[in-house]
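Written below as structure tokens is the structure these notes are about.
Any read-out appearing in this document is the output of simple, stated calculations on the displayed coordinates, not a laboratory observation. Worth saying up front: this structure is predicted, and the values here are computed from it rather than measured. Glycine also receives a Cβ, built like all others from the backbone with ideal geometry; neighbour counts cover every protein chain displayed.
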Amino acid sequence: MNTTLPTAVDLAAAVSRQVGEDDTVETVLFPPFPNLDAVNQVIAGSTLQLGAQDLFWEDRGAYTGEVSPPMLLAVGCRWVLVGHSERRRLLGEGDDIVNKKLHAALRAGLLVTLAIGETREERRAGRTEPVLEEQLRGSLAGVTAEQMERIVIAYEPVWAIGTGDTATPDQARDAHACVRGVLREMFGPSVAGSTRIQYGGSVTAQNAAEILAEPGIDGALVGGASLKADEFAAIVRAAAQA
């Protein structure tokens with residue numbers, strides 16, 4: 001919730017100028033709802049894709065203030081983000097709600113980035129892996145192996161988001177290995193090997209190359225750094241080199 005319509009358009013245009021012709025990586029922009037249509041127009045013809053930060057689990061009805069999957073499709077969205085830590089932590093969305101949203105997105109034909117991650121207290125208590133497994137199993141309940149082709153997992157340690165702290169390469173690698181192990185148990189080795197798992201937690205232009213070079217880390221879910229076109233473009237270029 002950091003851009004108005006004019007600033008979102010300017011930011012998207014600046015990103016498009018710098019990396020809008022790069023087809024070596026998939027780059028998705030997730031603007032706030034009011035800015036989706038305008039940003040979509042700005043990035044038209046580029047390699048950049050459009051995503052929404054959230055959605056509701058019904059297609060229509062008396063749900064004041066909510067935004068449905070068909071509404072997102074109508075303004076050009078290909079992607080949607082579900083389960084972000086701020087939705088879970090600040091707005092009380094549990095795995096059951098995340099799961100309903102994920103299934104609604106899949107029914108509509110959207111691609112999904114599913115975010116999971118532990119708090120600082122959970123990590124200090126040695127509960128990182130149980131928390132990740134619980135969130136994965138709950139959020140992905142009822143999903144088929146075929147549907148996993150349309151889902152990207154984003155591991156975002158809550159304690160690293162917006163704090164300037166970043167998981168060490170070893171911590172990130174271990175968490176991603178845990179996620180892949182749970183996916184292997186749920187869907188088999190083929191799905192576990194092919195599912196993209198991103199890291200999200202204070203990713204910057206300065207640390208992106210080191211993070212993305214780690215085995216099993218397939219991309220980045222970028223937060224504050226995405227508000228600066230030069231820095232975000234540098235992260236995209238680091239991903240391309242990785």
Span from the the stretch 5-26 Cα centroid across to the the stretch 125-155 one, whole angstrom: 30 Å
Kirkwood hydrodynamic radius of the chain, Cα pairs, Å: 18.1 Å
Trypsin sites (Lys or Arg not before Pro) within the stretch 1-103, DSSP loop, no more than 13 other Cβ atoms inside 10 Å: 60
Neighbour count of at most 12 Cβ within 10 Å plus DSSP loop: longest GluC sites (Glu not before Pro)-free window in the chain: 22-145
Mean-position separation - Cα centroids, the stretch 74-102 and the stretch 207-242, in angstrom: 22 Å
Axial C-alpha extent at least 24 Å, average Kyte-Doolittle at least -1.0 - helices from the chain (DSSP): 169-187
Relative contact order of the stretch 12-147, defined on C-alpha pairs under 8 angstrom at six or more residues apart (%): 20 percent
Size of charge dipole - the stretch 194-242 - debye, nearest 20, with Cβ of Lys, Arg +1 and Asp, Glu -1, no other charges: 100 debye
GNM flexibility winner over the chain from 138, 65, 193 (Cα, springs under 10 Å): 65
Computed [θ] at 222 nm, deg cm²/dmol, the chain (DSSP H ≥ 4; -39,500 (n - 2.57); rounded to nearest 500): -13500 deg cm²/dmol
